[in-house]
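Derivation of every value follows stated rules applied to the coordinates shown; laboratory data play no part. Worth saying up front: this structure is predicted, and the values here are computed from it rather than measured. Backbone-built Cβ (ideal geometry, glycine too); neighbour counts: all protein chains shown.
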Amino acid sequence: MKKVLPFFILLCCFQITAAQPGFDTSIKLVSQKENIIKEGTVVKVENLGWKVNSELAELRPTISADGNHLFFICENHPLNTKYNSVRNSQDIWYSTRDSFGNWTPARHMGYPLNTYHFNAVYWISPDNNRILLRNAFVNGDYYSNGVSMSYKMKNGRWSPPEMLRIRNYHKYDRGRQNGASMAHDGQTLLLYMSERTGDFNNDIYACFLQTDSTWSEPKSLGKKINLPDYNEMTPYLAADGESLYFSSNRPGGIGDNDIWMAKRLDKTWTKWSDPVNLGAPINTPDWDAFFTLDAGGEYAYMTSSLSGYGESDIVRVKLLEKEKPDPVAMVTGNVYNKKTGLPLSASLVYETLPEGTVAGNGLSNPLDGA
């Protein structure tokens, strides 16, 4: 069943993308040699606390659109699926924010989302009913590199992940790293990978949802985003559909890889404004990536090793005005069966007015229609 919502909705969440296992463990923020934010600006780094963080390494946060659901990796936890057989095993853990704004104790996601050696959430849909996962799965079993989607079922659990079918994907994914994120409209998939065998220098690509539910061949974001012989990775497109945040070791940074922001200028996805370095404390002399925003675009969530509980912790940093995406509105609702009054799982499409152009899609929850 398909519902058309006659208003323009743009929703905000964060996505964070993934690298190969060896690079997750290197996400550490170190003490600043120079704070480049001038004019007396004070930027506070807030640790999310002991209920989220532990003596182990917490990595790669992904925040939901409503700001109430946090997914992240915990490395080498005894409850991890492959803890006894794989060095540096990485599983998905999560925490929810209660009515007082406090984070609940982190919990392991379990089966079927934690089934492989290295697991991760790349994106959660604004309706909280779909999650994008690392690796390609078929019938819930690992198949190859790639990305998969899982859906919330009537019992409140997540379905076995199924791979997204991307045209000629393996032609582009030949390097040492790969990862993905999704635009909030659910129709644009962002990938980072390398066409060069064994290479660590990635480029960022866009794929577009087709009418048959497959995805188009990866399209490079162009020369301003993808510089030759540099590493562009972990893209995140804000809810405005224009503000792109990504990690790069291009000239002009503070450290190894820094977080940069650029604005999309047209619908070709190849024309962008000149990327701007976000500066400290978001960037450090170390290696910085996996940047994600909260629902309102006020805070960046990331990993830090500064004065935390363990090897690395999840923290948040308030953004300056120049670093924020354009403001958007978040609209929520429920879908019910008109005859029975019961909650309904339905595919949702929202459009721009007055043009009637499809702006995105969603899926209501079979439990409560949300």
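Among the listed pairs Lys224/Lys271; Lys82/Lys152; Lys44/Lys263; Lys224/Lys263; Lys223/Lys263, those with a Cα-Cα distance over 18 Å are Lys82/Lys152; Lys44/Lys263.
With a Förster radius of 22 Å applied to the beta-carbon distance between Gln210 and Leu265, the computed FRET efficiency rounds to 0.35. With a cut-off of at most 11 other beta carbons within 10 Å, and DSSP calling the residue loop, which trypsin sites (Lys or Arg not before Pro) in segment 127-183 qualify? Please list them. Taking segment 127-183 and a limit of 11 other Cβ atoms within 10 Å, the loop trypsin sites (Lys or Arg not before Pro) found are Lys154. For the pair Lys224 and Lys44, a Förster radius of 35 Å applied to the C-beta separation gives a FRET efficiency near 0.65, rounded to the nearest 0.05.
Label positions at Glu321 and Glu298, each projected 7 Å from the Cα along the C-beta direction, are separated by 1.6 nm. Packing-based ranking of 287-293, 114-120, 251-257 yields 287-293, 114-120, 251-257, ordered from highest to lowest mean Cβ neighbour count within 10 Å. Among the trypsin sites (Lys or Arg not before Pro) found in segment 214-254, those both in a DSSP coil and sparsely packed, with 11 or fewer other Cβ atoms within 10 Å of their Cβ, are Lys223.
Beta-bridge orientation, segment 75-220: approximately 95 percent antiparallel, per DSSP, counting only bridges with both partners inside. Shown is the FRET efficiency for Asn76 and Thr104, computed with R0 = 30 Å from the Cβ-Cβ distance and rounded to the nearest 0.05: 0.85.
Once the Cα-Cα distance is subtracted from the 0.36 nm per residue extended length, the Asn139 to Ser85 segment shows a gain of 17.1 nm. Taking the centroid of alpha carbons for each part, segment 83-159 and segment 266-307 are 23 Å apart.
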